[in-house]
Amino acid sequence: MTPPVAGARAVRLLEAARAAKGFMPDDEGVVLAHLAGLVAAAGCATIVEIGAYCGRSALYLAAGLAGAGGQAGAGGQAGVGGQAGVGARRAPGPPDGCVVLSVDHHHGSEENQAGWEHHDSALVDPRTGRMDTLPAWRATIDDAGAADLVIGIVGDSQLVAAHFPGEAGLVFIDGGHSSEAAWTDYRSWAPKVADGGYLAIHDVFPDPDEGGRPPYELYVRALACGAFEEVGAVSKGSLRVLRRVRPGI
Ligand code: SAH
Ligand code: MG
């Protein structure tokens, strides 16, 4: 059971998330918002999402942060009555509160490439002929006025992890679904979940007829290793939410 996300700014961000291009179903996105709110309320500074695409799931997370107040609240005050993208500018001062680090190389997963099921030709850069979701991601975040809550990190998830020495209150894995990509994300990022923090994995399908195996295999491993327990009351659809109960993976 997830309580409704509260506050005017949070509601605006939820609406923007719903309108954004992407793969996150609304009921699962609302779970992400709820988790982000929990993490922010617990005083944790960082949420990491692997797999930004066009910014949809990042806005659900941002909505949760906005609902939790803190830095998000400050941006919300400034944003009241303002134009989207303008009002959300942070007041000068030291960084505080919780942010989402939204990681993606923005060249799409295997399944986003031309000829695959989840290809969108509108996201191809005509200059290079490659997928490039970064312009769409930026427009989504800026138009929603969420630039103080979501920081884009453009790069390969494993490389970013190697240069991210810290811990995260929530790691949300929604990157490539090939076996190699998914396991690399798990090995790179699951160890960074803080004590008591959350590991959320998207596209977990126990029934192979419903979807690919790798995210499910990660989920099974995370539970089997004893470091995580499922928060069954929060998991929704293919979004499985685990909580760190012991160190290691
Ligand atoms: N969370 C998004 C969907 C993500 S789709 C939403 O709510 O709509 C998966 C994304 O993972 C793609 O944008 C792809 O570019 C990214 N991705 C795949 N492999 C990656 C890697 N190794 N490093 C960084 N990003 C990767
Ligand atoms: Mg997904």
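The values are calculated or read from the model by the stated rules, or taken from the named source; none is laboratory data. No experiment lies behind these values; they were computed from the predicted model shown. With ideal geometry, Cβ positions are generated from the backbone for all residues, glycine too; neighbour counts draw on all protein chains shown. Only protein heavy atoms, including side chains, enter the accessible area calculation; ligands, DNA and RNA are left aside. Shrake-Rupley method; radii C 1.70, N 1.55, O 1.52, S 1.80 Å.
Taking the criterion of being in a strand (DSSP E or B) and touching a residue at least 60 places away in the same chain (Cβ under 8 Å), would at least one residue in segment 215-238 satisfy it?
If we filter segment 215-238 for residues that are in a strand (DSSP E or B), which is where we start, we get 228-230, 236.
Pick out the ones that are also touching a residue at least 60 places away in the same chain (Cβ under 8 Å) and you get 236.
Yes, segment 215-238 has at least one match.
Which residues, taken from segment 164-196, are hydrophobic (A, V, I, L, M, F, W, C) and out of contact with any strand residue (DSSP E or B) (no Cβ under 7 Å at 6 or more places or on another chain)?
Within segment 164-196, 164, 181, 182, 183 meet the criteria.
So, in segment 220-236, how many residues would count as being aromatic (Phe, Trp, Tyr) and either at positive phi or open to solvent by 60 Å² or more (accessible area, probe 1.4 Å) (or both)? Explain how you work it out, then say what you get.
Step one: of segment 220-236, the residues aromatic (Phe, Trp, Tyr) are 228.
Retained after the next criterion (residues that are either at positive phi or open to solvent by 60 Å² or more (accessible area, probe 1.4 Å) (or both)): none.
Number satisfying all stated conditions: 0.
Name every residue in segment 138-155 that is among the small types (Gly, Ala, Ser) and open to solvent by 30 Å² or more (accessible area, probe 1.4 Å), in order of residue number.
Within segment 138-155, 139, 147, 152 qualify.
Do you know which residues across segment 41-54 are more than 7 Å from ligand 1 (Cβ to nearest atom) and under 10 Å from residue 100 (Cβ atoms)?
Selection gives 46, 47, 48.
Does residue 213 satisfy the criteria of being open to solvent by 20 Å² or more (accessible area, probe 1.4 Å), among the basic types (Lys, Arg), more than 11 Å from ligand 1 (Cβ to nearest atom) and more than 28 Å from residue 19 (Cα to Cα)?
Yes.
So which residues in segment 184-194 are within 11 Å of ligand 1 (Cβ to nearest atom), under 15 Å from residue 217 (Cα atoms) and surrounded by fewer than 24 Cβ atoms within 10 Å (Cβ to Cβ)?
184
If residue 11 meets every condition in (1) surrounded by 23 or more Cβ atoms within 10 Å (Cβ to Cβ); (2) modelled with pLDDT of 95 or more; (3) part of a helix (DSSP H, G or I) apart from one, which number is that one?
(1) is the only condition that residue 11 fails.
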